[in-house]
Amino acid sequence: MKTCPRCESKKTETVSQSPVKGAWEVYLCPVCMFTWRSSEPESITNPEKYNKAFKVDPQDIPHAAKVPPVPEKRA
Amino acid sequence: MAYRDFRDFLKTLENEGQLLNINEEVMPEPDLGSAARAISNLGDKTPALLFNRINGYHNARIAMNVIGSWPNHALMMGLPKNTPLKEQFFEFAKRYGQFPVPVQREETAPFQEVEITDDINLFDILPLFRLNQSDGGFYIDKAVVVSCDVEDPDHFGKQNVGIYRLQVKGKDRLGIQPVPQHDIAIHLRQAEERGENLKVAIALGNEPVITTVAATPLLYDQSEYEMAGAIQGEPYKIVKAKDTDLDLPWGAEVVLEGEIIAGEREFEGPFGEFTGHYSGGRSMPIIKINRVCHRKNPIFEYLYLGMPWTEIDYMMGLNTCVPLYQQLKEAFPNEIVAVNAMYTHGLLAIISTKSRYGGFAKAVGMRALTTPHGLGYCKMVIVVDEDVDPFNLPQVMWALSTKMHAKHDAVIIPDLSVLPLDPGSEPAGITHKMILDATTPTAPETRGHYSQPLDSPLETEKWEKILKVMLNK
Ligand SMILES: [Zn+2]
């Protein structure tokens, strides 16, 4: 299991393996939906080197604005 | 002259020297995004890129920058590749006027060759990759998304074909960004008010005319397929989706069918946008994919977008100018000369017009703000005289620098609507807008010293022709 480089959740899953065996794997974080490939530069894959301006705090996620807002159901 | 499909257009680009095959192996990241950014940095006549060997894949091929230059845009319309920009504008406007051209319906399509309904995994089916460094995931960014009006499902014109950013967020899940000013937001609202999912069909790898039209701000009840017929000069070929009554481009490489889940929103982005800034960190709707169809060995297509100019600016340049031009002409048929709204999808627009009397140019600017596209864009409108070519920016700068008086000619209208992606809007979606009147004052407005405009020496036009011939020898 990998740590999400963006929100540092430990719940990430492997969603794909390269068709050519052993080249790379793709991981998905179900908390912040970040997706990355094992072969990407360290500035993407390493939680400590991930660009701080783009880090996500999981506690902020439920407060994100809904775009578009969900309309009232009509009777 | 119509292109049969995506491959047919790629073949034409290759024959015209407007396609570069990249046969060396490249990494999905950072090579694909980097190369596509780089090609846009190299001018406005660049070729499309076709990547034939991508690390980790057996035979995936990815095309980028397909409409990313003026020669490729001209070829999209079947014109000679060296057709000047202003000529492309007037030709596009002429064909736009042929709308509607009825569609040609087909029973079967090449994309029906391979069909997947069980254990769909988009990460395995599509060669996905990160485009810009801080994108929150892998995006499909040049597919057309088809949906229909829920209240009036049989109205062909109200069926919408649009391009929306799609984040791949699970094996069979996409995030979609329906900007409120765009038509799919109307369909989604109708469906959610009923508590129903909105059916969608998504086509990837299309010939370039439907892509161009899908990125054109048409009126709500105008059919993109009937406009594509007008632009290509013959009926556009469509075929029905399997799970719905939605119509798809016949030549698509890959088709995804699914539905936007009513009432659901999920964290999305960020994604580097055409504004040259990232946007994201909001919760957006989710599409569940139920069926995937594709050709054998499909060719995939993506576009690079970032700080202008990039492919997206060519893709939504002239096709943004023309609807504004037509709608302004409806109001002022004898005055409007040309419209250049190519900057950041028309956030800035330049209008060339005759002035009937003092104050007229400002009225033209106000009208631009109230066109359908102006409601979400046209944050700055520059109005110039009829003899200033709005596509010739040095001429526009000349008009601004000599015809404008800030006291009289800068008009600011507070708190108007704009698309929320505008990074300057505050709150997102609200901004002041500005009209800069750079036309010559006309009576009864008599200020300034404009009575002695400089005219060219008598034989200038003749000499222009002579010299052009000599230079081309
Ligand atoms: Zn995460």
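Key figures
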| read-out | value |
| --- | --- |
| Odd one out for B:Pro323, checked against (1) modelled with pLDDT of 95 or more; (2) surrounded by 21 or more Cβ atoms within 10 Å (Cβ to Cβ) | (1) |
| Any hit, segment B:272-283, residues being in a strand (DSSP E or B), among the basic types (Lys, Arg) and within 14 Å of chain A (Cβ to nearest Cβ) | yes |
| Selection from segment A:5-19 of residues that are more than 13 Å from the ligand (Cβ to nearest atom) and more than 7 Å from every other protein chain (Cβ to nearest Cβ) | A:Thr14, A:Gln17 |
| Residues that are of a type outside the set (S, T, N, Q), more than 28 Å from B:Asn72 (Cα to Cα) and either within 16 Å of the chain's Cα centre (by Cα) or away from chain A (no Cβ under 11 Å) (or both), drawn from segment B:194-209 | B:Leu198, B:Lys199, B:Val200 |
| B:Lys94 being part of a helix (DSSP H, G or I), at pLDDT below 95 and not aliphatic (A, V, I, L, M) | no |
| Hits in segment A:25-75 (condition: of a type in the set (Gly, Ala, Ser) and facing another protein chain (nearest Cβ under 9 Å)) | A:Ser39, A:Ser43, A:Ala53, A:Ala64, A:Ala65 |
| Sole residue being in a helix (DSSP H, G or I) and either outside the structural domain of B:Gly205 (by TED's automatic domain parsing) or closer than 30 Å to B:Asn52 by Cβ (or both), chosen from B:Tyr304, B:Tyr225, B:Tyr314 | B:Tyr314 |
| Residue that is surrounded by fewer than 22 Cβ atoms within 10 Å (Cβ to Cβ) and closer than 30 Å to B:Gly43 by Cα, where the choices are B:Tyr304, B:Tyr314, B:Tyr278 | B:Tyr278 |
| Any hit, segment A:20-42, residues being free of Cβ contacts under 8 Å to residues at least 60 places away in the same chain, hydroxyl-bearing (Ser, Thr, Tyr), within 14 Å of the ligand (Cβ to nearest atom) and in contact with a Pro (Cβ under 8 Å, 6 or more places away or on another chain) | no |
| Check on B:Leu174, within 12 Å of chain A (Cβ to nearest Cβ), assigned to a helix (DSSP H, G or I) and not small (Gly, Ala, Ser) | no |
| Subset of segment B:14-47 [within 28 Å of B:Gly137 (Cβ to Cβ), away from chain A (no Cβ under 14 Å) and assigned to a helix (DSSP H, G or I)] | B:Ala35, B:Ala36, B:Arg37, B:Ala38, B:Ile39, B:Ser40, B:Asn41 |
| Enumeration of residues in segment B:178-214 that are in a loop (DSSP other than H, G, I, E, B) and at pLDDT 95 or above | B:Arg194, B:Gly195, B:Glu196, B:Asn197, B:Gly205, B:Asn206, B:Glu207 |
| Residues within segment B:134-149 that are small (Gly, Ala, Ser) and within 12 Å of chain A (Cβ to nearest Cβ), tallied | 3 |
| Some residue of segment B:80-93 being of a type in the set (S, T, N, Q) and surrounded by 15 or more Cβ atoms within 10 Å (Cβ to Cβ) | yes |
| Residues located in segment B:381-421, provided they are touching a residue at least 60 places away in the same chain (Cβ under 8 Å) and under 21 Å from B:Glu335 (Cα atoms) | B:Asp389, B:Phe391 |
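Per-residue answers, yes or no, for (1) within 12 Å of chain A (Cβ to nearest Cβ); (2) buried (at least 24 other Cβ atoms within 10 Å of the Cβ); (3) in contact (Cβ under 8 Å) with a residue 12 or more places away in the chain:
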| residue | (1), (2), (3) |
| --- | --- |
| B:Thr117 | no, no, yes |
| B:Asn132 | yes, no, yes |
| B:Glu151 | yes, no, yes |
| B:His155 | no, no, yes |
| B:Lys158 | no, no, yes |
| B:Gln167 | yes, yes, yes |
| B:Gln181 | yes, no, yes |
| B:Ala185 | yes, no, no |
| B:Glu192 | yes, yes, yes |
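Here is a yes/no grid of residues against (1) part of a loop (DSSP other than H, G, I, E, B); (2) modelled with pLDDT under 95; (3) farther than 26 Å from B:His345 by Cβ:
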{"site": "B:Ala230", "(1), (2), (3)": "no, no, no"}
{"site": "B:Glu234", "(1), (2), (3)": "yes, no, yes"}
{"site": "B:Glu264", "(1), (2), (3)": "yes, no, yes"}
{"site": "B:Ile289", "(1), (2), (3)": "no, no, yes"}
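A quick yes/no check of all residues on (1) at pLDDT 95 or above; (2) surrounded by 16 or more Cβ atoms within 10 Å (Cβ to Cβ):
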{"residue": "A:Cys4", "(1), (2)": "yes, yes"}
{"residue": "A:Val15", "(1), (2)": "yes, yes"}
{"residue": "A:Trp24", "(1), (2)": "yes, yes"}
{"residue": "A:Met33", "(1), (2)": "yes, yes"}
{"residue": "A:Glu42", "(1), (2)": "yes, no"}
{"residue": "A:Lys52", "(1), (2)": "yes, no"}
{"residue": "A:Asp57", "(1), (2)": "yes, no"}
{"residue": "A:Ala65", "(1), (2)": "no, no"}
{"residue": "A:Arg74", "(1), (2)": "no, no"}
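The values are calculated or read from the model by the stated rules, or taken from the named source; none is laboratory data. Since the structure is predicted, the reported quantities are computational estimates derived from the model, not experimental observations. In this analysis, Cβ positions are derived from the backbone assuming ideal geometry, glycine residues included, and neighbour counts consider all displayed protein chains.
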